[in-house]
Amino acid sequence: MPFDFKRPAAYEQLVNIAQRNNVDAFTDKQPTPERAIKSLKDLIERETYDAVIIDTAGRTEIDPEVMQELKFTTLQLEPKETLLVMDSTIGQNSLSVAEGFANYVKLTGGIFTKYDSSAKGGSILSFKYVTGASVKFVGIGEKIQDIEPFDPSRIISRILGRGDIQTLVEKASTAISAKESEEMMKKVESGKFDFADFKKELEGIVKMGGLSQVIGMLPQTQVLKLPANFSDESQIKRMFAIIDSMTEEERHNPDIINGSRKQRIAKGAGVEKFEINQLIKNFSNFRNLSKNLKAIDRIMKLR
């Protein structure tokens, strides 16, 4: 339910997000908080929902008018949870923002976005100091599935370079089975790893949030060089198209792909020839990277 009457297109944006994630959206757009609250209450009386999420206007600087609007909304709707969503990268300004919101409403928790950035936790400490409330979630990406429950021990482990094996195991278990992982590792070690296997690995990496996130959850891996384009989901999709344009023989025998074959594959995938060369280089880099990350195999066996 959007309660942002200041930011242009805030209403349309939230409705779009709800629709993309198969969640009901309150579509009765109203010009004022008073009329919106009345309309929402009428809807809640008619329907049965496990939870109703209300999104209000946010600011990095405290606006008294917006704060009074927020206070009125909370008094009228009496929410069970009042969560402040903050950008992890705003630094020292987080102290004044948290304090400003806490002066108008009773906060029960916080959500911190952009936690996949270089932020090291200062904003979270400021929030806890000022409000006394707990951080409930952190966002490590731009999608709904990139919102994770906040676990202090995991965050500290990442900051200290010890990785986050527990989160990696959880993500891995949803992307690839332990048996599949073991079979893939055997192929890498025996030199039988081919483009068909490579595509399966890429699909699993996409499900886990991308290779940069996977690498970030392994201990002391900042020295590893990521293959080109592996953090760009749109580029990974182009790699899928290239692999799909190969013949069965080419997928299983990468060494036979010569200049004329590259030209045909590029035409079939609708890409340039240099992208075929980049894919082959990525394939080789990934195979070498997998050999150096024997820890992945051990992680899968922990499940």
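The values are calculated or read from the model by the stated rules, or taken from the named source; none is laboratory data. Just so it is clear, the model here is predicted, and its values are computed rather than measured. Positions of Cβ are backbone-derived with ideal geometry, glycine not excepted, and every protein chain shown enters the neighbour counts.
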Subject >> Candidate set from the range 1-49 (those that are closer than 18 Å to L75 by Cα and outside any helix (DSSP H, G or I)); member that is farthest from the chain's Cα centre (by Cα) >> reply: T32
Subject >> Any chance I37 is in contact with a helix residue (DSSP H, G or I) (Cβ under 6 Å, 6 or more places away or on another chain) and loosely packed, with under 15 Cβ neighbours inside 10 Å >> reply: no
Original post:
Which is aromatic (F, W, Y), more than 24 Å from V135 (Cβ to Cβ) and assigned by TED's automatic domain parsing to the domain that holds A133, of F26, F112, F101?
Top reply: F26
Original post:
In this structure, does L289 turn out to be over 19 Å from K200 (Cα atoms) and modelled with pLDDT under 90?
Top reply: no
